[in-house]
Amino acid sequence: MMQKKTDVLVIGAGLSGLMAAAQAAEQGKQVLVVAKGSGALGLSSGCIDLWGYRLDQPEQVCDDPLQEIVRLVEVNPEHPYARVQDVLTESLAYFSDICAASGYPYVTSPGGNWLLPTALGTVRPTYLAPVTMAVDSLGEAKSILVVGFRELKDFYPEVLAGNLKKNAELAADCRINTLMVSVGGDLNPNTLAHRLERPAVLNEIIKQVKPALSAGTLVFFPPVLGERADSTVAADLAAGLGCPVYEVTNIPPALPGQRLQQVLLRFLKHQGVEVIMGCTVTAARVTGTACTGVTAVGNGKTMQITAGTVILATGSFLGGGLKAGMGLIKESIFDLPVKTCAGEWSDRDFLALSGQPFNKFGLTVNDNLQPVDGQGRVVLENVLITGANLAGCNYPVEKCGNGVALATGYKAGKLSGGVSSAAIR
Ligand SMILES: Cc1cc2nc3c(=O)[nH]c(=O)nc-3n(C[C@H](O)[C@H](O)[C@H](O)COP(=O)(O)OP(=O)(O)OC[C@H]3O[C@@H](n4cnc5c(N)ncnc54)[C@H](O)[C@@H]3O)c2cc1C
(Lines give C-alpha, C1' and ligand atoms only; values in the text may rest on other atoms or scores of the structure.)
Protein backbone atom coordinates (compact mmCIF):
# COMPACT_ATOMS: atom_id res chain seq x y z
CA MET A 1 0.00 0.00 0.00
CA MET A 2 1.33 3.45 -0.91
CA GLN A 3 2.15 5.78 2.02
CA LYS A 4 2.08 9.57 1.66
CA LYS A 5 2.89 12.35 4.12
CA THR A 6 2.10 16.01 3.71
CA ASP A 7 1.70 19.15 5.81
CA VAL A 8 -1.79 19.86 4.54
CA LEU A 9 -4.21 17.43 2.94
CA VAL A 10 -7.16 19.01 1.13
CA ILE A 11 -10.03 16.62 0.40
CA GLY A 12 -12.06 18.03 -2.50
CA ALA A 13 -11.25 20.07 -5.62
CA GLY A 14 -14.28 22.38 -5.80
CA LEU A 15 -13.83 26.12 -5.32
CA SER A 16 -13.30 25.85 -1.55
CA GLY A 17 -10.72 23.06 -1.82
CA LEU A 18 -8.76 24.82 -4.59
CA MET A 19 -8.76 28.12 -2.68
CA ALA A 20 -7.66 26.33 0.51
CA ALA A 21 -4.83 24.58 -1.32
CA ALA A 22 -3.63 27.80 -2.96
CA GLN A 23 -3.54 29.69 0.32
CA ALA A 24 -1.93 26.82 2.28
CA ALA A 25 0.84 26.67 -0.34
CA GLU A 26 1.20 30.45 -0.02
CA GLN A 27 1.87 29.84 3.70
CA GLY A 28 4.85 27.68 2.71
CA LYS A 29 3.13 24.36 3.41
CA GLN A 30 3.50 21.17 1.42
CA VAL A 31 -0.01 20.58 0.08
CA LEU A 32 -1.73 17.54 -1.39
CA VAL A 33 -5.24 17.71 -2.90
CA VAL A 34 -7.24 14.52 -3.44
CA ALA A 35 -10.69 14.58 -5.03
CA LYS A 36 -13.05 12.03 -6.46
CA GLY A 37 -14.45 14.51 -9.00
CA SER A 38 -14.66 18.19 -9.89
CA GLY A 39 -17.57 19.21 -7.66
CA ALA A 40 -20.07 21.98 -8.36
CA LEU A 41 -17.59 24.41 -9.91
CA GLY A 42 -17.60 22.85 -13.38
CA LEU A 43 -21.40 22.91 -13.33
CA SER A 44 -21.83 26.43 -12.03
CA SER A 45 -22.01 29.69 -13.98
CA GLY A 46 -18.44 30.43 -12.92
CA CYS A 47 -19.66 33.69 -11.34
CA ILE A 48 -18.91 34.41 -7.70
CA ASP A 49 -22.18 35.17 -5.93
CA LEU A 50 -21.44 36.97 -2.66
CA TRP A 51 -24.83 38.13 -1.46
CA GLY A 52 -27.80 38.77 -3.74
CA TYR A 53 -30.69 40.51 -2.03
CA ARG A 54 -31.43 43.02 0.71
CA LEU A 55 -32.10 41.55 4.14
CA ASP A 56 -34.95 43.97 4.85
CA GLN A 57 -36.45 43.75 1.34
CA PRO A 58 -35.61 40.32 -0.07
CA GLU A 59 -37.18 41.14 -3.44
CA GLN A 60 -34.66 43.98 -3.97
CA VAL A 61 -31.15 43.31 -5.23
CA CYS A 62 -28.60 44.60 -2.73
CA ASP A 63 -26.27 47.37 -3.87
CA ASP A 64 -23.46 46.65 -1.46
CA PRO A 65 -23.02 42.92 -0.75
CA LEU A 66 -20.07 43.50 1.61
CA GLN A 67 -22.13 45.84 3.81
CA GLU A 68 -25.12 43.49 3.67
CA ILE A 69 -22.91 40.67 4.96
CA VAL A 70 -21.89 42.85 7.93
CA ARG A 71 -25.61 43.23 8.75
CA LEU A 72 -26.29 39.54 8.05
CA VAL A 73 -23.70 38.43 10.60
CA GLU A 74 -25.34 40.63 13.24
CA VAL A 75 -28.77 39.09 12.71
CA ASN A 76 -27.60 35.57 11.86
CA PRO A 77 -24.33 34.70 13.64
CA GLU A 78 -24.80 31.05 12.57
CA HIS A 79 -24.17 31.89 8.92
CA PRO A 80 -20.79 30.67 7.54
CA TYR A 81 -19.92 34.30 6.68
CA ALA A 82 -19.76 34.99 10.44
CA ARG A 83 -16.68 32.73 10.60
CA VAL A 84 -14.83 34.47 7.77
CA GLN A 85 -15.73 38.12 8.09
CA ASP A 86 -12.14 38.85 9.13
CA VAL A 87 -10.74 37.64 5.78
CA LEU A 88 -13.62 38.27 3.38
CA THR A 89 -12.20 41.23 1.46
CA GLU A 90 -8.66 39.86 1.36
CA SER A 91 -9.95 36.49 0.09
CA LEU A 92 -11.78 38.23 -2.78
CA ALA A 93 -8.70 40.26 -3.64
CA TYR A 94 -6.52 37.13 -3.57
CA PHE A 95 -8.93 35.34 -5.91
CA SER A 96 -9.12 38.31 -8.29
CA ASP A 97 -5.33 38.55 -8.41
CA ILE A 98 -5.01 34.88 -9.37
CA CYS A 99 -7.56 35.25 -12.17
CA ALA A 100 -6.07 38.51 -13.48
CA ALA A 101 -2.57 37.03 -13.56
CA SER A 102 -3.88 34.03 -15.49
CA GLY A 103 -5.31 36.17 -18.32
CA TYR A 104 -8.94 35.39 -17.41
CA PRO A 105 -9.86 38.37 -15.22
CA TYR A 106 -12.90 38.64 -12.98
CA VAL A 107 -14.50 42.04 -12.54
CA THR A 108 -16.78 43.74 -10.02
CA SER A 109 -19.68 45.94 -10.99
CA PRO A 110 -19.57 49.68 -10.15
CA GLY A 111 -23.17 49.11 -8.89
CA GLY A 112 -22.09 46.53 -6.25
CA ASN A 113 -23.79 43.53 -7.85
CA TRP A 114 -23.91 42.72 -11.55
CA LEU A 115 -27.36 41.96 -12.93
CA LEU A 116 -26.47 39.47 -15.62
CA PRO A 117 -28.84 38.05 -18.21
CA THR A 118 -29.54 34.32 -18.06
CA ALA A 119 -30.57 32.00 -20.87
CA LEU A 120 -34.15 32.19 -19.54
CA GLY A 121 -34.22 35.97 -19.91
CA THR A 122 -34.12 36.63 -16.18
CA VAL A 123 -31.36 38.71 -14.62
CA ARG A 124 -29.29 37.34 -11.74
CA PRO A 125 -27.26 39.26 -9.16
CA THR A 126 -23.63 38.27 -8.79
CA TYR A 127 -20.57 39.97 -7.36
CA LEU A 128 -17.63 38.87 -9.50
CA ALA A 129 -18.06 37.86 -13.12
CA PRO A 130 -15.53 36.73 -15.71
CA VAL A 131 -14.86 39.53 -18.17
CA THR A 132 -16.66 37.56 -20.91
CA MET A 133 -19.96 37.76 -18.97
CA ALA A 134 -19.76 41.19 -17.35
CA VAL A 135 -22.43 43.14 -19.31
CA ASP A 136 -21.91 46.70 -18.16
CA SER A 137 -24.31 48.66 -20.37
CA LEU A 138 -27.51 46.63 -20.57
CA GLY A 139 -29.73 49.57 -19.59
CA GLU A 140 -28.31 51.80 -22.34
CA ALA A 141 -28.49 49.29 -25.21
CA LYS A 142 -30.50 50.46 -28.21
CA SER A 143 -30.48 47.00 -29.67
CA ILE A 144 -29.63 43.47 -28.51
CA LEU A 145 -29.01 40.45 -30.70
CA VAL A 146 -29.27 37.00 -29.08
CA VAL A 147 -27.37 34.38 -31.06
CA GLY A 148 -27.98 30.63 -30.72
CA PHE A 149 -26.31 27.65 -32.38
CA ARG A 150 -28.40 25.08 -34.26
CA GLU A 151 -26.10 22.38 -32.88
CA LEU A 152 -26.52 23.42 -29.24
CA LYS A 153 -29.49 22.06 -27.35
CA ASP A 154 -30.76 23.82 -24.20
CA PHE A 155 -30.24 27.39 -25.43
CA TYR A 156 -33.22 29.05 -27.08
CA PRO A 157 -32.61 32.68 -28.12
CA GLU A 158 -36.39 33.35 -28.35
CA VAL A 159 -36.88 32.43 -24.69
CA LEU A 160 -34.14 34.84 -23.61
CA ALA A 161 -35.39 37.60 -25.91
CA GLY A 162 -39.04 37.11 -24.94
CA ASN A 163 -38.42 37.37 -21.21
CA LEU A 164 -35.60 39.90 -20.99
CA LYS A 165 -37.82 42.91 -21.59
CA LYS A 166 -39.97 41.88 -18.60
CA ASN A 167 -37.06 41.25 -16.27
CA ALA A 168 -34.31 43.73 -17.09
CA GLU A 169 -34.33 47.50 -16.92
CA LEU A 170 -33.87 48.16 -20.61
CA ALA A 171 -34.26 51.42 -22.52
CA ALA A 172 -37.89 51.81 -23.68
CA ASP A 173 -36.85 51.82 -27.35
CA CYS A 174 -34.43 48.86 -27.05
CA ARG A 175 -35.04 46.23 -29.74
CA ILE A 176 -34.21 42.55 -29.12
CA ASN A 177 -33.66 40.27 -32.09
CA THR A 178 -32.60 36.65 -32.36
CA LEU A 179 -30.48 34.72 -34.81
CA MET A 180 -29.59 31.05 -35.23
CA VAL A 181 -26.14 30.27 -36.64
CA SER A 182 -24.53 26.95 -37.49
CA VAL A 183 -21.04 25.49 -37.44
CA GLY A 184 -22.15 22.00 -38.55
CA GLY A 185 -21.74 18.64 -36.84
CA ASP A 186 -23.25 17.22 -33.68
CA LEU A 187 -21.86 19.22 -30.78
CA ASN A 188 -22.11 19.55 -27.01
CA PRO A 189 -21.07 22.75 -25.15
CA ASN A 190 -17.46 21.57 -24.76
CA THR A 191 -16.94 20.44 -28.34
CA LEU A 192 -18.59 23.60 -29.66
CA ALA A 193 -16.42 25.79 -27.40
CA HIS A 194 -13.35 23.92 -28.67
CA ARG A 195 -14.36 24.41 -32.31
CA LEU A 196 -14.87 28.15 -31.78
CA GLU A 197 -11.19 28.46 -30.85
CA ARG A 198 -10.34 27.82 -34.53
CA PRO A 199 -10.04 31.12 -36.48
CA ALA A 200 -11.77 29.61 -39.55
CA VAL A 201 -14.84 28.63 -37.48
CA LEU A 202 -14.93 32.00 -35.74
CA ASN A 203 -14.73 33.81 -39.09
CA GLU A 204 -17.67 31.73 -40.33
CA ILE A 205 -19.71 32.85 -37.28
CA ILE A 206 -18.75 36.48 -37.89
CA LYS A 207 -19.92 36.10 -41.51
CA GLN A 208 -23.30 34.72 -40.39
CA VAL A 209 -23.90 37.29 -37.60
CA LYS A 210 -22.67 40.50 -39.23
CA PRO A 211 -25.65 41.08 -41.57
CA ALA A 212 -28.01 41.03 -38.54
CA LEU A 213 -26.17 43.86 -36.73
CA SER A 214 -26.91 47.54 -36.51
CA ALA A 215 -24.70 50.20 -34.92
CA GLY A 216 -24.41 49.91 -31.14
CA THR A 217 -25.88 46.40 -30.84
CA LEU A 218 -24.96 44.24 -27.83
CA VAL A 219 -24.53 40.62 -28.88
CA PHE A 220 -25.35 37.78 -26.48
CA PHE A 221 -24.06 34.23 -26.96
CA PRO A 222 -24.51 31.11 -24.85
CA PRO A 223 -21.43 30.52 -22.62
CA VAL A 224 -19.42 28.56 -25.21
CA LEU A 225 -16.89 31.17 -26.34
CA GLY A 226 -13.82 28.99 -25.97
CA GLU A 227 -12.82 26.05 -23.83
CA ARG A 228 -9.48 27.58 -22.85
CA ALA A 229 -9.37 29.71 -19.71
CA ASP A 230 -8.98 33.03 -21.48
CA SER A 231 -11.18 35.62 -23.14
CA THR A 232 -9.65 35.60 -26.62
CA VAL A 233 -12.63 34.04 -28.45
CA ALA A 234 -15.01 36.68 -27.05
CA ALA A 235 -12.49 39.45 -27.83
CA ASP A 236 -11.90 38.18 -31.41
CA LEU A 237 -15.65 37.95 -32.00
CA ALA A 238 -16.17 41.48 -30.68
CA ALA A 239 -13.39 42.80 -32.92
CA GLY A 240 -14.73 40.94 -35.97
CA LEU A 241 -18.32 42.08 -35.39
CA GLY A 242 -17.44 45.60 -34.24
CA CYS A 243 -19.89 45.20 -31.29
CA PRO A 244 -19.63 44.29 -27.62
CA VAL A 245 -20.02 40.51 -27.19
CA TYR A 246 -21.02 38.71 -23.98
CA GLU A 247 -21.77 35.21 -22.78
CA VAL A 248 -24.97 34.81 -20.76
CA THR A 249 -25.36 32.24 -17.99
CA ASN A 250 -26.88 28.92 -19.01
CA ILE A 251 -27.78 25.60 -17.43
CA PRO A 252 -24.91 23.14 -16.63
CA PRO A 253 -22.44 22.13 -17.84
CA ALA A 254 -21.17 25.67 -18.19
CA LEU A 255 -17.80 26.49 -19.71
CA PRO A 256 -17.07 29.53 -17.49
CA GLY A 257 -17.11 27.30 -14.37
CA GLN A 258 -14.78 24.86 -16.10
CA ARG A 259 -12.48 27.72 -17.16
CA LEU A 260 -12.27 28.91 -13.57
CA GLN A 261 -11.33 25.43 -12.47
CA GLN A 262 -8.55 25.39 -15.11
CA VAL A 263 -7.27 28.75 -13.83
CA LEU A 264 -7.05 27.53 -10.24
CA LEU A 265 -5.55 24.13 -11.11
CA ARG A 266 -2.90 25.85 -13.23
CA PHE A 267 -2.11 28.18 -10.33
CA LEU A 268 -1.75 25.24 -7.94
CA LYS A 269 0.59 23.48 -10.36
CA HIS A 270 2.70 26.60 -10.50
CA GLN A 271 2.83 26.64 -6.69
CA GLY A 272 4.00 23.04 -6.58
CA VAL A 273 0.78 21.60 -5.16
CA GLU A 274 0.13 17.94 -6.00
CA VAL A 275 -3.46 17.29 -7.13
CA ILE A 276 -4.76 13.72 -7.47
CA MET A 277 -8.16 13.57 -9.21
CA GLY A 278 -10.33 10.46 -9.34
CA CYS A 279 -9.30 9.55 -5.80
CA THR A 280 -11.88 8.96 -3.05
CA VAL A 281 -11.15 9.19 0.66
CA THR A 282 -12.94 6.15 2.01
CA ALA A 283 -11.98 6.14 5.70
CA ALA A 284 -10.26 8.19 8.39
CA ARG A 285 -8.26 7.22 11.47
CA VAL A 286 -9.01 9.27 14.54
CA THR A 287 -7.29 9.22 17.93
CA GLY A 288 -9.01 11.34 20.56
CA THR A 289 -9.65 14.67 18.86
CA ALA A 290 -7.05 14.32 16.10
CA CYS A 291 -7.20 12.85 12.63
CA THR A 292 -4.09 10.67 12.32
CA GLY A 293 -4.59 9.81 8.67
CA VAL A 294 -6.95 8.82 5.91
CA THR A 295 -7.29 6.03 3.37
CA ALA A 296 -7.78 7.07 -0.23
CA VAL A 297 -8.59 4.86 -3.20
CA GLY A 298 -8.13 5.80 -6.84
CA ASN A 299 -6.77 4.47 -10.14
CA GLY A 300 -6.72 0.94 -8.68
CA LYS A 301 -4.38 2.00 -5.87
CA THR A 302 -4.92 2.45 -2.14
CA MET A 303 -3.01 5.19 -0.29
CA GLN A 304 -2.53 5.85 3.40
CA ILE A 305 -2.13 9.62 3.79
CA THR A 306 -0.94 11.36 6.96
CA ALA A 307 -1.15 15.12 7.31
CA GLY A 308 -0.71 17.78 9.98
CA THR A 309 -3.91 19.50 8.88
CA VAL A 310 -6.80 18.04 6.94
CA ILE A 311 -9.09 20.46 5.10
CA LEU A 312 -12.47 18.89 4.49
CA ALA A 313 -13.74 20.58 1.31
CA THR A 314 -16.07 17.79 0.26
CA GLY A 315 -19.14 19.88 -0.54
CA SER A 316 -22.73 19.10 0.26
CA PHE A 317 -25.06 16.44 -1.19
CA LEU A 318 -23.92 17.07 -4.77
CA GLY A 319 -20.19 17.06 -3.96
CA GLY A 320 -20.44 14.01 -1.71
CA GLY A 321 -19.60 15.60 1.65
CA LEU A 322 -23.08 14.90 3.01
CA LYS A 323 -25.05 11.74 2.42
CA ALA A 324 -28.81 11.46 2.89
CA GLY A 325 -30.76 8.34 3.86
CA MET A 326 -34.25 7.85 5.25
CA GLY A 327 -34.51 10.34 8.14
CA LEU A 328 -30.73 10.53 8.36
CA ILE A 329 -28.01 12.88 7.10
CA LYS A 330 -24.38 11.83 7.52
CA GLU A 331 -21.05 13.51 6.95
CA SER A 332 -19.39 10.98 4.67
CA ILE A 333 -15.78 10.64 5.93
CA PHE A 334 -15.56 11.36 9.67
CA ASP A 335 -19.24 10.96 10.54
CA LEU A 336 -19.15 14.45 12.07
CA PRO A 337 -22.34 15.78 13.67
CA VAL A 338 -24.61 17.29 11.00
CA LYS A 339 -26.93 20.13 11.95
CA THR A 340 -30.39 19.60 10.45
CA CYS A 341 -33.67 21.27 11.44
CA ALA A 342 -36.85 20.49 13.31
CA GLY A 343 -39.90 19.99 11.10
CA GLU A 344 -39.98 19.28 7.37
CA TRP A 345 -36.61 18.88 5.64
CA SER A 346 -37.94 19.76 2.22
CA ASP A 347 -40.64 21.98 0.76
CA ARG A 348 -43.03 20.33 -1.72
CA ASP A 349 -42.62 23.42 -3.88
CA PHE A 350 -39.11 22.67 -5.16
CA LEU A 351 -38.54 26.30 -6.20
CA ALA A 352 -40.01 27.78 -2.99
CA LEU A 353 -38.83 31.39 -2.59
CA SER A 354 -37.73 30.69 0.98
CA GLY A 355 -35.45 27.92 -0.32
CA GLN A 356 -35.26 24.25 0.60
CA PRO A 357 -34.51 23.64 4.31
CA PHE A 358 -32.03 20.84 3.46
CA ASN A 359 -29.75 23.34 1.75
CA LYS A 360 -28.94 24.73 5.21
CA PHE A 361 -27.86 21.36 6.64
CA GLY A 362 -24.21 20.85 7.34
CA LEU A 363 -21.38 20.99 9.83
CA THR A 364 -21.07 23.57 12.58
CA VAL A 365 -17.66 25.13 13.16
CA ASN A 366 -15.92 27.61 15.44
CA ASP A 367 -14.04 30.72 14.28
CA ASN A 368 -11.05 28.51 13.39
CA LEU A 369 -13.28 26.41 11.12
CA GLN A 370 -12.82 23.36 13.40
CA PRO A 371 -15.92 21.15 13.66
CA VAL A 372 -17.83 21.47 16.91
CA ASP A 373 -20.60 19.42 18.50
CA GLY A 374 -23.95 20.66 19.83
CA GLN A 375 -22.22 21.95 22.99
CA GLY A 376 -19.61 23.88 21.03
CA ARG A 377 -16.77 21.43 21.85
CA VAL A 378 -14.15 20.89 19.16
CA VAL A 379 -14.59 17.39 17.73
CA LEU A 380 -11.40 17.27 15.64
CA GLU A 381 -8.53 19.69 16.32
CA ASN A 382 -6.64 19.33 13.06
CA VAL A 383 -9.57 19.12 10.64
CA LEU A 384 -10.91 22.35 9.11
CA ILE A 385 -14.23 22.55 7.32
CA THR A 386 -14.94 24.69 4.26
CA GLY A 387 -17.55 25.45 1.60
CA ALA A 388 -20.87 23.82 0.92
CA ASN A 389 -20.67 21.28 3.74
CA LEU A 390 -20.95 24.09 6.31
CA ALA A 391 -24.31 24.54 8.00
CA GLY A 392 -26.46 27.65 7.89
CA CYS A 393 -26.35 28.94 4.33
CA ASN A 394 -29.09 28.64 1.73
CA TYR A 395 -27.06 29.48 -1.35
CA PRO A 396 -29.71 29.30 -4.10
CA VAL A 397 -31.90 31.95 -2.46
CA GLU A 398 -29.17 33.96 -0.76
CA LYS A 399 -26.90 33.90 -3.83
CA CYS A 400 -23.76 33.25 -1.83
CA GLY A 401 -22.57 29.72 -2.81
CA ASN A 402 -19.22 30.51 -4.40
CA GLY A 403 -18.67 33.48 -2.04
CA VAL A 404 -18.86 31.19 0.99
CA ALA A 405 -16.71 28.54 -0.71
CA LEU A 406 -14.07 31.09 -1.70
CA ALA A 407 -13.77 32.82 1.67
CA THR A 408 -13.93 29.70 3.87
CA GLY A 409 -11.43 27.90 1.64
CA TYR A 410 -9.07 30.85 1.79
CA LYS A 411 -9.33 31.07 5.60
CA ALA A 412 -8.75 27.34 6.09
CA GLY A 413 -5.62 27.53 3.93
CA LYS A 414 -4.40 30.54 5.86
CA LEU A 415 -5.07 28.89 9.22
CA SER A 416 -3.20 25.77 8.14
CA GLY A 417 -0.08 27.95 8.04
CA GLY A 418 -0.23 28.13 11.82
CA VAL A 419 0.06 24.36 12.22
CA SER A 420 3.63 23.12 12.69
CA SER A 421 4.92 20.42 10.34
CA ALA A 422 6.13 18.58 13.46
CA ALA A 423 2.47 17.80 14.12
CA ILE A 424 2.58 15.29 11.25
CA ARG A 425 2.28 11.84 12.72
C1 LIG B 1 -25.52 23.27 -10.55
C2 LIG B 1 -24.98 24.30 -9.61
C3 LIG B 1 -24.80 25.61 -10.05
C4 LIG B 1 -24.31 26.60 -9.18
N5 LIG B 1 -24.12 27.86 -9.65
C6 LIG B 1 -23.56 28.79 -8.83
C7 LIG B 1 -23.26 30.08 -9.31
O8 LIG B 1 -23.49 30.40 -10.47
N9 LIG B 1 -22.69 30.98 -8.46
C10 LIG B 1 -22.40 30.64 -7.17
O11 LIG B 1 -21.89 31.50 -6.43
N12 LIG B 1 -22.67 29.43 -6.70
C13 LIG B 1 -23.23 28.49 -7.49
N14 LIG B 1 -23.49 27.25 -7.02
C15 LIG B 1 -23.11 26.93 -5.66
C16 LIG B 1 -21.61 26.75 -5.59
O17 LIG B 1 -21.15 26.17 -6.78
C18 LIG B 1 -21.22 25.87 -4.43
O19 LIG B 1 -21.79 26.37 -3.24
C20 LIG B 1 -19.71 25.86 -4.24
O21 LIG B 1 -19.04 25.76 -5.46
C22 LIG B 1 -19.34 24.68 -3.36
O23 LIG B 1 -17.95 24.47 -3.43
P24 LIG B 1 -17.28 23.38 -2.53
O25 LIG B 1 -15.83 23.41 -2.87
O26 LIG B 1 -17.64 23.59 -1.11
O27 LIG B 1 -17.95 21.97 -2.92
P28 LIG B 1 -17.99 21.18 -4.29
O29 LIG B 1 -17.79 22.05 -5.47
O30 LIG B 1 -19.21 20.34 -4.24
O31 LIG B 1 -16.71 20.24 -4.23
C32 LIG B 1 -16.65 19.10 -3.43
C33 LIG B 1 -15.39 18.34 -3.78
O34 LIG B 1 -15.19 17.28 -2.84
C35 LIG B 1 -14.95 16.07 -3.54
N36 LIG B 1 -15.29 14.96 -2.65
C37 LIG B 1 -16.45 14.74 -1.97
N38 LIG B 1 -16.34 13.62 -1.20
C39 LIG B 1 -15.08 13.14 -1.40
C40 LIG B 1 -14.35 12.02 -0.90
N41 LIG B 1 -14.87 11.15 -0.03
N42 LIG B 1 -13.08 11.82 -1.33
C43 LIG B 1 -12.51 12.68 -2.21
N44 LIG B 1 -13.15 13.76 -2.71
C45 LIG B 1 -14.41 13.99 -2.31
C46 LIG B 1 -15.82 16.22 -4.79
O47 LIG B 1 -15.46 15.28 -5.79
C48 LIG B 1 -15.46 17.66 -5.15
O49 LIG B 1 -14.19 17.74 -5.75
C50 LIG B 1 -23.99 26.25 -7.85
C51 LIG B 1 -24.17 24.93 -7.41
C52 LIG B 1 -24.67 23.98 -8.27
C53 LIG B 1 -24.85 22.58 -7.75
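The values are calculated or read from the model by the stated rules, or taken from the named source; none is laboratory data. Note that the structure is a prediction, hence the values are computed from the model and not measured. When we count neighbours, we look across all protein chains shown, and the Cβ atoms used for this are built from the backbone with ideal geometry, even at glycine. The area values use the complete protein model at the heavy-atom level, side chains included, leaving out ligands, DNA and RNA. Shrake-Rupley method; radii C 1.70, N 1.55, O 1.52, S 1.80 Å.
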- Query: Of the numbered conditions (1) buried (at least 20 other Cβ atoms within 10 Å of the Cβ); (2) in contact with a Lys or Arg (Cβ under 8 Å, 6 or more places away or on another chain), PRO189 satisfies every one except a single condition; which is it?
  - Reply: (2)
- Evaluate region 43-64: report whether one residue or more is within 19 Å of CYS393 (Cα to Cα) and in a helix (DSSP H, G or I). no
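If we keep just the residues of region 335-369 that are among the aliphatic types (A, V, I, L, M) and modelled with pLDDT under 85, which is most open to solvent (accessible area, probe 1.4 Å)? Write out each step before concluding.
First, the residues of region 335-369 that are among the aliphatic types (A, V, I, L, M): 336, 338, 342, 351-353, 363, 365, 369.
Remaining after also requiring modelled with pLDDT under 85: 342, 351-353.
Numbers: ALA342: 99, LEU351: 140, ALA352: 11, LEU353: 167 Å².
Restricting to residues being among the aliphatic types (A, V, I, L, M) and modelled with pLDDT under 85, the top hit is LEU353.
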- Note on the structure: Among the residues of region 259-318, the number that are among the aliphatic types (A, V, I, L, M), assigned to a strand (DSSP E or B) and within 14 Å of the ligand (Cβ to nearest atom) is 15
- Item | Failed condition for GLY315, given (1) surrounded by fewer than 24 Cβ atoms within 10 Å (Cβ to Cβ); (2) on the phi > 0 side of the Ramachandran plot | (1)
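What do you reckon, is ALA215 part of a helix (DSSP H, G or I) and closer than 19 Å to ALA141 by Cα?
no
For region 232-257, which residues satisfy the criterion of being assigned to a helix (DSSP H, G or I), away from the ligand (no atom under 12 Å from the Cβ) and either closer than 23 Å to LYS29 by Cβ or not small (Gly, Ala, Ser) (or both)? Spell out the reasoning first.
Let us first name the residues in region 232-257 that are assigned to a helix (DSSP H, G or I), namely 232-241, 255-257.
Now narrow it down to the ones that are away from the ligand (no atom under 12 Å from the Cβ): 232-241, 255.
If the condition is that a residue be assigned to a helix (DSSP H, G or I), away from the ligand (no atom under 12 Å from the Cβ) and either closer than 23 Å to LYS29 by Cβ or not small (Gly, Ala, Ser) (or both), then THR232, VAL233, ASP236, LEU237, LEU241, LEU255 are the ones that fit.
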- Query: With respect to LEU43, is the statement that it is surrounded by fewer than 24 Cβ atoms within 10 Å (Cβ to Cβ), near the ligand (Cβ under 10 Å from one of its atoms) and under 30 Å from THR280 (Cβ atoms) true?
  - Reply: yes
- Scan VAL84, VAL33, VAL8 and give me the residue that is part of a strand (DSSP E or B), within 19 Å of the chain's Cα centre (by Cα) and crowded, with 21+ Cβ neighbours inside 10 Å. VAL33
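May I ask you to verify whether GLN3 is over 21 Å from the mean Cα position of the chain (by Cα) and either more than 8 Å from the ligand (Cβ to nearest atom) or in a helix (DSSP H, G or I) (or both)? Walk me through how you get there before you give the answer.
Working: over 21 Å from the mean Cα position of the chain (by Cα): yes; either more than 8 Å from the ligand (Cβ to nearest atom) or in a helix (DSSP H, G or I) (or both): yes.
In short, yes.
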- Pairs only if they're at least six apart or on different chains, beta carbon under 8 angstrom, first in region 279-293 and on the phi > 0 side of the Ramachandran plot, second away from the ligand (no atom under 14 Å from the Cβ) and not in a strand (DSSP E or B); list them, first residue then second. GLY293/ARG425
- Among residues belonging to region 46-57 that are touching a residue at least 60 places away in the same chain (Cβ under 8 Å) and more than 9 Å from the ligand (Cβ to nearest atom), point out the one that is most open to solvent (accessible area, probe 1.4 Å). TYR53
- Does GLY355 satisfy the criteria of being under 20 Å from the mean Cα position of the chain (by Cα), within 13 Å of the ligand (Cβ to nearest atom) and assigned to a loop (DSSP other than H, G, I, E, B)? yes
- Message: Would you confirm whether or not region 118-129 contains a residue that is within 16 Å of the ligand (Cβ to nearest atom), under 21 Å from GLU227 (Cα atoms) and in a loop (DSSP other than H, G, I, E, B)?
- Response: yes
- Task: Those residues that are assigned to a loop (DSSP other than H, G, I, E, B), away from the ligand (no atom under 16 Å from the Cβ) and in contact (Cβ under 8 Å) with a residue 24 or more places away in the chain, I need them from region 361-415; list them, please.
- Result: ASN366, ASP367, ASN368, ASP373, GLY374, VAL379, GLU381, ASN382
- Leading residue by the ranking (surrounded by the most Cβ atoms within 10 Å (Cβ to Cβ)) among those in region 155-177 that are over 12 Å from GLY121 (Cα atoms) and touching a strand residue (DSSP E or B) at 6+ places or on another chain (Cβ under 7 Å): CYS174
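When the residues of region 11-22 are narrowed to those that are part of a helix (DSSP H, G or I) and among the hydrophobic types (A, V, I, L, M, F, W, C), which ends up nearest to the ligand (Cβ to nearest atom)? Please lay out each step first, then the result.
Step one: of region 11-22, the residues part of a helix (DSSP H, G or I) are 15-22.
Still in the running and among the hydrophobic types (A, V, I, L, M, F, W, C): 15, 18-22.
Values: LEU15: 4, LEU18: 7, MET19: 8, ALA20: 9, ALA21: 11, ALA22: 13 Å.
The qualifying residue nearest to the ligand (Cβ to nearest atom) is LEU15.
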